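Since every read-out is calculated from the coordinates, none of them should be taken as a lab result. Model, not experiment: these values are computed from the prediction. Reconstructed Cβ throughout: ideal geometry from the backbone, glycine too, with neighbour counts over all protein chains shown.
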Amino acid sequence: MKFTFSLRAFLLFLFFLLIEIVIGIYVKDSFIRPYGGDFLVVFLVFYAFKTFLPTKTLPLIIATLLLAYLVEFTQYLRLADVLDIKNKVVRIILGTSFSWEDMIAYTFGCICCYFIEKKIFKQK
């Protein structure tokens with residue numbers, strides 16, 4: 001597989017990164033921060049991959065969802081605590097608490113991302 005650069009995907013990655021940062025810093029509610037952030041983080045990861053990988057949408061969506069599930073599974077195992085990770089940024093990225101609701105948010109996020117790519121952007 002060769003790497004490319006997609007400006008559209010990169011700009012969307014930056015857009016979702018900005019939204020995630022704003023949610024992380026300024027939103028302190030009980031819905032958008034926990035569920036909206038998880039819903040949108042798969043868009044962020046998908047477009048990060050899409051920036052450099054000229055891959056069809058469905059395999060990339062599946063890879064994104066599996067990565068999200070893997071990260072959530074490491075939270076179930078409390079990997080950050082087991083490895084005694086103290087770095088706050090790393091702990092935020094890895095997460096520290098497992099939630100089935102997060103798995104649902106990742107799944108819905110990937111489904112929406114797939115349909116946006118297929119219907120709005122008309123990607124293969």
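Taking only complete DSSP H runs, can you tell me which helices of the chain stretch 24 Å or more along their own long axis by Cα positions and average at least 1.6 on the Kyte-Doolittle scale?
Details: long enough: 7-26 (28 Å, 2.42); 57-76 (28 Å, 1.45).
Qualifying helices: 7-26.
If R0 is 41 Å, what FRET efficiency do you get for Lys88 and Phe31 from their C-beta distance, rounded to 0.05? Each step should come with its number before you reach the end.
Details: r = 24 Å, r/R0 = 0.59.
So the FRET efficiency works out to roughly 0.95.
Just tell me which lysines come within less than 25 Å, Cα to Cα, of Lys2; anything on the same chain fewer than 8 places away is out.
Lys50, Lys56, Lys118, Lys122, Lys124
Name the most mobile residue of Phe39, Phe98, Phe16, meaning the one with the largest mean-square fluctuation, in a Gaussian network model of the chain with Cα contacts below 10 Å.
Phe98
For the residue pair Glu101 and Lys118, what label-to-label distance in nm results when each label sits 7 Å from Cα along the Cα-to-beta-carbon direction?
Simple spin-label model gives 2.9 nm for this pair.
Roughly speaking, what is the centre-to-centre gap between the range 60-124 and the range 5-19 when only Cα atoms are used, to the nearest Å?
If you average the Cα positions of each part, the centres end up 18 Å apart.
Which lysines have a Cα less than 24 Å from the Cα of Lys88, not counting those fewer than 8 places away in the same chain?
Filter leaves Lys28.
Would you calculate a helix-derived [θ] at 222 nm for the chain, using -39,500 (n - 2.57) for each DSSP H run of n ≥ 4 and dividing by the full residue count, to the nearest 500?
-21500 deg cm²/dmol
Go through Ile62, Ile116, Ile92 and say which Cα lies farthest out towards the positive end of the charge dipole of the range 62-124; charges sit on Cβ, +1 for Lys and Arg, -1 for Asp and Glu.
Ile116
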